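S.K.: Quick one: the structure is below, questions incoming.
The values are calculated or read from the model by the stated rules, or taken from the named source; none is laboratory data. Every value quoted in this text rests on a predicted model; they were computed, and no experiment measured them. Reconstructed Cβ throughout: ideal geometry from the backbone, glycine too, with neighbour counts over all protein chains shown. Quick note on the areas: whole protein, heavy atoms, side chains included, nothing else; ligands and nucleic acids left out. Shrake-Rupley method; radii C 1.70, N 1.55, O 1.52, S 1.80 Å.
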Amino acid sequence: MNPQTRVLSGIQPSGQLHIGNYFGMMKPMIEWQEKSDLFCFIVNLHALTTVFDARTLAGNTLSAAADFLALGLDPEKATFWVQGDVPQHTELTWILTNVTSMGLLERCHAYKDKVAQGLTPNHGLFAYPVLMAADILLYQANLVPVGRDQKQHVEVARDIAGSFNHLYGETFVLPEPLIDEQLATIPGLDGRKMSKSYENALDIFIPREELKSRVMAIVTDTRAVSDIKDPDNCNLFALYRLFSAAEELEELRGRYLKPGLKYSEVKKELIDRIWSHFAPHREKRAALLKEPDTLHDILSAGAAKARVQAEATMARVRRAVGLDHSRRRG
Ligand code: ADP
Ligand code: TRP
């Protein structure tokens, strides 16, 4: 990977972050800071589509930022900020809205799924992919790592960039989605995709007692202790995999394939593994939350850094569309 390649992605502060978010998004993003020009942000404007309580949104935003920093995101290596602190995101959204067809947005699965689930859509939910396009295009990002469910939104951003460039001249880099096919979907306690909306999640920084009761509630099949078990169709095994080295996993596989394995024993081991995996990060997070001023300073420095890039793009965009009326165009 060329270290100049600009990699960009964001995460919504719509609840406490869970280990699906960690392995699926945060960990790979933190790795990107070593090999690319990384832009990583907390998308609080997107969360406005579903969170309608100011304290909750503000609290989740700070908590998500502290999580990222505690887990290893280095604001010296990456540009790390809160979306709403850079007003150019909303400014570009409006401009892009006018080169986005209704049909393009009507075809978006995420929107259609929410409507099918019975949610009464607001315009924000419908226009969500345009804000996401602005996020990406504002920074001229080359690669956008996302989960499979967001691939279409990156393709929409690419379409919008293409329409804009066609209409007003080359302005935006065409971004590409980056889906890590190796990264399996992390299962939740019930075996479905781990998601805060299914209430099957294990939060990264959950208190120990809660971790215990959540892990003990992981759904397993009804095979008896004396039966041979099936590691490849067991979500307990799939979660254990995330917290163990290859040899340890092989050892567990061996135990599954012999009579005598108790799921409750595996669950107890998993609790210890999860707890110790995040222990150093837990301390760092507590320290950050104890010093809110430091956290705010990091975020405002990040927003200042992001704004420089965002403004450079916006100056070109305003000129291209004719909003920059102070200059006569030749
Ligand atoms: P949730 O489903 O809990 O609302 P989001 O949709 O906000 O989570 O996901 C934020 C990021 O975390 C996305 O990049 C998504 O791909 C990743 N992610 C969320 N859940 C999982 C999961 N179970 N496995 C892998 N990645 C996940
Ligand atoms: N919509 C993404 C999600 O829910 C979050 C997001 C917002 C994003 N803006 C982005 C991801 C820009 C990548 C690039 O997961």
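S.K.: Mind listing whichever residues of the stretch 128-150 are open to solvent by 20 Å² or more (accessible area, probe 1.4 Å), more than 8 Å from ligand 2 (Cβ to nearest atom) and at pLDDT 95 or above?
M.R.: Of everything in the stretch 128-150, those that are open to solvent by 20 Å² or more (accessible area, probe 1.4 Å), more than 8 Å from ligand 2 (Cβ to nearest atom) and at pLDDT 95 or above turn out to be GLN140, ASN142, LEU143.
S.K.: Select from the stretch 88-109 the residues that are open to solvent by less than 30 Å² (accessible area, probe 1.4 Å), in contact with a helix residue (DSSP H, G or I) (Cβ under 9 Å, 6 or more places away or on another chain) and free of Cβ contacts under 8 Å to residues at least 60 places away in the same chain and list them in ascending order.
M.R.: Once the filter is applied, which keeps residues that are open to solvent by less than 30 Å² (accessible area, probe 1.4 Å), in contact with a helix residue (DSSP H, G or I) (Cβ under 9 Å, 6 or more places away or on another chain) and free of Cβ contacts under 8 Å to residues at least 60 places away in the same chain, the stretch 88-109 yields THR93, LEU104, LEU105, CYS108.
S.K.: Here are some residues: LEU167, LEU178, LEU183, LEU137. Which one is over 22 Å from the mean Cα position of the chain (by Cα) and touching a residue at least 60 places away in the same chain (Cβ under 8 Å)?
M.R.: LEU167
S.K.: Taking into account only those residues within the stretch 191-214 that are outside any loop (DSSP other than H, G, I, E, B) and within 16 Å of ligand 1 (Cβ to nearest atom), which is farthest from GLY254 (Cα to Cα)?
M.R.: The extreme case among them is SER197.
S.K.: Under the condition of being more than 16 Å from ligand 1 (Cβ to nearest atom) and among the charged types (D, E, K, R), which residue from the stretch 126-175 is nearest to ILE30 (Cα to Cα)?
M.R.: Filtering first and then ranking leaves ARG158.
S.K.: Evaluate the stretch 20-31: report whether one residue or more is out of contact with any Cys (no Cβ under 9 Å at 6 or more places or on another chain) and part of a loop (DSSP other than H, G, I, E, B).
M.R.: Looking through the stretch 20-31, none of the residues is out of contact with any Cys (no Cβ under 9 Å at 6 or more places or on another chain) and part of a loop (DSSP other than H, G, I, E, B).
S.K.: Okay, next question. What number goes with the only condition from (1) on the phi > 0 side of the Ramachandran plot; (2) of a type outside the set (Asp, Glu); (3) crowded, with 23+ Cβ neighbours inside 10 Å that GLY72 does not pass?
M.R.: All conditions are met except number (3).
S.K.: I'm checking my understanding of the structure. Among residues of the stretch 285-315 that are closer than 19 Å to HIS89 by Cβ and of a type in the set (S, T, N, Q), which one is surrounded by the fewest Cβ atoms within 10 Å (Cβ to Cβ)?
M.R.: Residue satisfying both the conditions and the ranking: SER300.
S.K.: Now for a different question. Would a scan of the stretch 3-23 turn up a residue that is farther than 24 Å from ALA110 by Cβ, touching a Leu at 6+ places or on another chain (Cβ under 7 Å) and at pLDDT 95 or above?
M.R.: Checking the stretch 3-23: at least one residue is farther than 24 Å from ALA110 by Cβ, touching a Leu at 6+ places or on another chain (Cβ under 7 Å) and at pLDDT 95 or above.
S.K.: I would also like to ask the following. Checking ILE186 against (1) surrounded by 15 or more Cβ atoms within 10 Å (Cβ to Cβ); (2) modelled with pLDDT of 95 or more, which single condition isn't satisfied?
M.R.: Against the list (1) surrounded by 15 or more Cβ atoms within 10 Å (Cβ to Cβ); (2) modelled with pLDDT of 95 or more, ILE186 comes up short only on (2).
S.K.: Checking MET29 against (1) over 24 Å from GLU210 (Cα atoms); (2) away from ligand 2 (no atom under 15 Å from the Cβ), which test does it fail?
M.R.: (2)
S.K.: Could I ask something else about it? Within the stretch 264-274, can one find any residue that is touching a Pro at 6+ places or on another chain (Cβ under 6 Å), assigned by TED's automatic domain parsing to the domain that holds LYS212 and under 30 Å from ALA224 (Cβ atoms)?
M.R.: No - not one qualifying residue is present in the stretch 264-274.
S.K.: Still on this structure: Specify which of the listed residues (LEU38, LEU45, LEU73) is of a type in the set (A, V, I, L, M), within 14 Å of ligand 2 (Cβ to nearest atom) and outside any helix (DSSP H, G or I).
M.R.: Just a single option satisfies the conditions, and that option is LEU38.
S.K.: Related question: Can you report the number of residues in the stretch 113-124 which are away from ligand 1 (no atom under 14 Å from the Cβ) and in a helix (DSSP H, G or I)?
M.R.: 4
S.K.: Just the residues that are within 13 Å of ligand 1 (Cβ to nearest atom) and of a type in the set (Lys, Arg), please, taken from the stretch 1-50.
M.R.: Within the stretch 1-50, just LYS27 meets the criteria.
S.K.: Tally the residues that are open to solvent by 70 Å² or more (accessible area, probe 1.4 Å) and within 11 Å of ligand 2 (Cβ to nearest atom), restricting the search to the stretch 151-183.
M.R.: 1
S.K.: Can you pull out every residue in the stretch 222-260 that is under 34 Å from the mean Cα position of the chain (by Cα), free of Cβ contacts under 8 Å to residues at least 24 places away in the same chain and loosely packed, with under 14 Cβ neighbours inside 10 Å?
M.R.: Within the stretch 222-260, ASP232, ASN233, ALA245, ALA246, GLU247, GLU250, GLU251 qualify.
S.K.: Just one of ARG318, ARG282 is farther than 17 Å from GLU170 by Cα and either free of Cβ contacts under 8 Å to residues at least 24 places away in the same chain or open to solvent by less than 70 Å² (accessible area, probe 1.4 Å) (or both); which is it?
M.R.: ARG282
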